[in-house]
Amino acid sequence: MNNRPNRLIETALEFGCDLSTLFQPAEGVDIIVVRLPEDRCRLLKQGHILSPQERSRAGKYKFARHREKYTARRVLLRLWLAGELSEPPHEIRIGYTSHGKLFLGQQKSNPPLTDFNMSHSSNSLALAIHRTGRIGIDIEYERTQPDIITMLETICTPEEFRFLKSLSLSEMKSACYQLWTAKEAYLKAIGVGLSQNPNSVNLQWDIHGDTPKIEKNSLPGWRFTSDFSSGLHLCVCWENDLMQENINY
């Protein structure tokens, strides 16, 4: 593992975050998930590094706890990106696409960082970085009593729904969260987010292990990896380097 992920860890720990997950599913792809500290004062004191647009967005939250969470997440994002790009955090240009995906404006780094994505659920924050292609990430905490069938009807194609309905309740619950996070990660990676209905995306399942899992190569040109720990479901979807893939096979 190179020293780039180490910088992500050091920044998170410096501001009191707990490291949940760190891994590199492919060359040039780094993933980190942390839990924000209960005492966010040190992060909030760095609020001056946010752009005027970010500060304005934070001010639109009705409750202070929501303003503070947003500010803490965006401060941490800028500090992480500053380490990657070797730029002052307040000078990093972060924009939004028409569907709300974050992207980087003009960069000084060479080679530039191609894409990044972030997701949050409760007090957890995830960052995904891809240096040669597009990427999306989604994290979701498992609900205590989710309405699995309603969730499946919302996100499944008819083929997926028939398959998942054949599983046991525990397998169905696990598969539902896999599907939910995988589809949202993919839709974020291609830049449309939930403006496109998740049931328009059909994923393939590997049924040969102990529990069904989404195939890593469900969609041509894209890879998936999922993780589940302490009630948190995570999925990352990134664009393949097709030339490297052909060499590997």
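Every read-out reported here was derived from the displayed coordinates using simple, explicitly stated rules and does not represent laboratory data. Here the structure is a predicted model, which means the values were calculated and not measured. In this analysis, Cβ positions are derived from the backbone assuming ideal geometry, glycine residues included, and neighbour counts consider all displayed protein chains.
Below is a table of values for the structure above.
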{"quantity": "Within straight-line cross-link reach of Lys173, lysines at Cα separation under 19 Å, skipping those fewer than 8 residues along the same chain", "calculated": "Lys165, Lys183, Lys213"}
{"quantity": "Phi to ³J(HN,Hα) by Karplus 6.51 cos²θ - 1.76 cosθ + 1.60 over segment 196-213, Hz, x for Gly, Pro", "calculated": "9, 5, x, 6, 8, 10, 10, 10, 9, 10, 8, 10, 8, x, 5, 9, x, 9"}
{"quantity": "Under 13 Å, Cβ to Cβ, from Arg78 - net charge with Lys/Arg +1 and Asp/Glu -1", "calculated": "0"}
{"quantity": "For the chain: relative contact order, % (alpha-carbon pairs under 8 angstrom, 6 or more apart)", "calculated": "15 percent"}
{"quantity": "Mean Cβ count within 10 Å, highest first, over the residues of peptides 189-195, 115-121", "calculated": "115-121, 189-195"}
{"quantity": "Net charge, Ile190 excluded, C-beta distance under 12 Å - Lys, Arg +1, Asp, Glu -1", "calculated": "+1"}
{"quantity": "For segment 180-200 and segment 86-162, distance of Cα centres in Å", "calculated": "10 Å"}
{"quantity": "Residue-span extension gain [Ser230 to Leu113] - 0.36 nm each, minus C-alpha spacing", "calculated": "39.0 nm"}
{"quantity": "Those residues of segment 106-146 whose amide nitrogen sits under 19 Å from the label point placed on Ser170, 7 Å along Cα→Cβ", "calculated": "142-146"}
{"quantity": "Ordering of 127-140, 13-26 by burial proxy (mean other Cβ atoms within 10 Å per residue, highest first)", "calculated": "127-140, 13-26"}
{"quantity": "Residue-averaged [θ]222 nm for the chain, counting only DSSP H segments that reach four residues, each worth -39500 (n - 2.57)", "calculated": "-11000 deg cm²/dmol"}
